[in-house]
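Data first, discussion second: the structure below is written as structure tokens.
The values are calculated or read from the model by the stated rules, or taken from the named source; none is laboratory data. Note that the structure is predicted; figures quoted are calculated from it, not measured. For neighbour counting, all protein chains shown are included, and Cβ atoms are generated from backbone atoms with ideal geometry for every residue, glycine included. All accessible areas refer to the heavy atoms of the entire protein, side chains included, with ligands and DNA or RNA removed. Shrake-Rupley method; radii C 1.70, N 1.55, O 1.52, S 1.80 Å.
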Amino acid sequence: MKKKISLILAFLMTATMLAGCKKTNEDSAGLPDVGGDSSSMSLTQMTTESETEETTTETTTVPEETTTEDTTSESETETSETETTTAASTEATAATASTAAAKAWNETEISETLYIKTSCYSRTQAIVGSESVKKYDVGQKINIVAATDTGYYKLADGTFIHSDYVTDQKPTEATQATTTAPKKTETPEETTKKPSNTSIVNASYTKSYKDRYPYQQLNSAEQQLYADIVEAAENFYTQVDIPSSLSSDDIVKVYALVYNQEPQLFWMSNIVPVALGGMLNLQYDLTASQAASAQKEIDATVSDIMSKVNGYSSTVSRLKVIYDWVITHNTFSLQGNYRTCGIYNGLTDGGELQCQGYAKTVLYLCDIAGIECMVVTGNNTEGSTHAWNVVYCDNGYYILDTTWGDPMNNYGRSSYVRYLFFLANDDMIKNSHLNVSTVARGNGNRIKLYNPPACTKTACYYFKAYNKEYSDLESATQAMYAEIDAAVSAGKNVAHIRVTDHDLWETLRDKKYWKAFQDYAKKKDSSVKNLVQQTYLTEDILVVEYDIAYND
């Protein structure tokens, strides 16, 4: 019967995580066409119940060039972010309210005795935010008469308790003690990591959360919760204390920051956990042993990458090794889950990522390389969510967007890496990366996570750092011929330069120039089919780009 109940609930419950995306034909667009149907959501939306009782002078950088592996990588601008709906507990005076209101759920009759595994309240209705009726303590026996398609059990008295809070085995004090993080009284600055026999050992990863830019913007109570979540996740504890001064929005903000800014905790669930009785009930997508096994594979991959990164001295070149590797070893995924939204796939043989996975993989590698980095979330121009990085390079902070450096294409020949957003600045992305550093909630409101540092420099921008920026027609024209020559010789698909003037950008895209460039490419190699002008998002950053299509 117990197994049957679980199957009934699994069948009835509505999924709490929605993932969507949109494939894009890029015959006429450099980056994914995100100006289409905005109903094709490129995000992972998480909806869960939360029941709380209380709730420098710029210098020119000329780095060493790195090579990109000959691997085809297809991706599109795609995103994933955490969205949650929380409801505060209120006192109820009548348990019969559920029968008076129109039901927004379906029930399946069952009969079983279960136990409370986490202190909670029963509710008047089987929906988020309904009035509380009675408090139940851990280990208390309850009689179940029905299961709903909203994830609740109906009790004999007509009230409801969410299935997350019950178990078919009576909890013992011993089991409770092993899954609850100890209460702490010290300040965030005094908090130390206390590894247990379940923690994942990663000797090469020494980054401290206290050094992170986003963490340093939190107040003391938020920092305490951040530190406690990190410690709990490291040790696979399932509960942490919530500082009494934090609101439900604060809890969502802190959890979202830990999830995005601590890539080493790749087993954390992307669903914001339930808050109940002053405790946050964490969920994990992997067991400790599964995470330890994955970590070994990740370590081997990272060791190989770092051997290449450490072959260069300039930060630009070191970042380019990371950028190129992430793009050429991964491709975009339609599915949003712990594999695609973190380093699990990014640094193993999985290879399929959403933009959050691209950004967190870059963050993890930068952490090990000793390069300051952070994940920023927001939206693209169609309103779909997006994630990218901000890094510190030589003389300031810059934008690094690997997802948009790994575009969809139909050419199927050699690697395809775009550098439009390799160490760009805020002005270059102002029309494409929107709602910067926010997360959406189920009620439509957006929560500000933190204020990323301003990115105002240009010296490290790819086209300037690698001397691919031109200010006159003659030099720009000759440079484009040289780019096409090099791309065709290597069997690559993209040839692009940057100019400093919008009129010059328009001129080099004129039909006359396009035809001359195409004729040159075809004479260079008979396998060249045509050149495709790339327009989308190139105008804001004055990049002249042609994609080279080859005959099958």
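Accessible area per residue for the stretch 355-396 is 14 Å², calculated with a 1.4 Å probe on protein heavy atoms, without ligands, DNA or RNA.
When the accessible area of the stretch 283-327 is split by element with a 1.4 Å probe, what percent falls to carbon and sulfur? Walk me through the numbers on the way to the answer.
Working: 850 of 1780 Å².
The computed percentage sits at 48.
Size of the stretch 240-293 from its Cα atoms: along the principal axes, largest to smallest, the extents are 38, 22, 15 Å. Each residue of the stretch 254-264 is assigned a 3J(HN,Hα), and the resulting list reads 5, 5, 4, 5, 4, 4, 7, 9, 10, x, 5 Hz, derived from the Karplus form 6.51 cos²θ - 1.76 cosθ + 1.60 (θ = phi - 60°), x at Gly and Pro.
Leaving ligands and nucleic acids out of the surface, order 473, 257 by accessible area at 1.4 Å, largest first. Present the calculation step by step, with values, prior to reporting the outcome.
Numbers: 473 65, 257 0 Å².
Most to least solvent-accessible, the answer reads 473, 257.
Where Rh is the Kirkwood radius over the Cα pairs of the stretch 410-552, the temperature 25 °C and the viscosity 0.890 mPa s, what D in µm²/s does Stokes-Einstein return? Calculated translational D: 146 µm²/s. 3J(HN,Hα) along the stretch 481-488, derived from phi through the Karplus expression 6.51 cos²θ - 1.76 cosθ + 1.60 where θ = phi - 60°, amounts to 4, 5, 5, 5, 4, 5, 5, 5 Hz, with x in place of Gly and Pro.
Under 5 Å from the amide H of residue 353 lie the amide H atoms of 331, 332, 333, each residue being 5 or more positions distant or on a separate chain, with H modelled from the backbone and absent for Pro and chain starts.
With a Förster radius of 30 Å applied to the C-beta separation of residue 443 and residue 539, the computed FRET efficiency comes to 0.25.
Shown is the FRET efficiency for residue 249 and residue 434, computed with R0 = 22 Å from the Cβ-Cβ distance and rounded to the nearest 0.05: 0.60. Computed over protein heavy atoms with a 1.4 Å probe, the accessible surface of the stretch 282-352 works out to 38 Å² per residue. Residues in the stretch 104-113 carry Karplus couplings, in order, of 10, 8, 10, 10, 10, 5, 9, 9, 7, 9 Hz; the curve used is 6.51 cos²θ - 1.76 cosθ + 1.60 with θ = phi - 60°, and Gly or Pro positions show x.
Could you report the stretch 441-538's accessible area per residue, 1.4 Å probe, as an integer in Å²?
Details: 4530 Å² over 98 residues.
I get 46 Å² per residue for the stretch 441-538.
Taking amide hydrogens as placed 1.01 Å from N in the peptide plane, the amide H of residue 138 sits under 5 Å from those of 119, each at least 5 positions away in sequence or on another chain.
With respect to the cross-link table entries 117/448; 430/512; 296/457; 468/522; 210/360; 253/308, which display a Cα-Cα separation exceeding 29 Å? 117/448; 430/512; 296/457; 253/308, as the Cα separations exceed 29 Å there. When 145, 543 are compared by accessible surface with a 1.4 Å probe, the order from highest to lowest is 145, 543.
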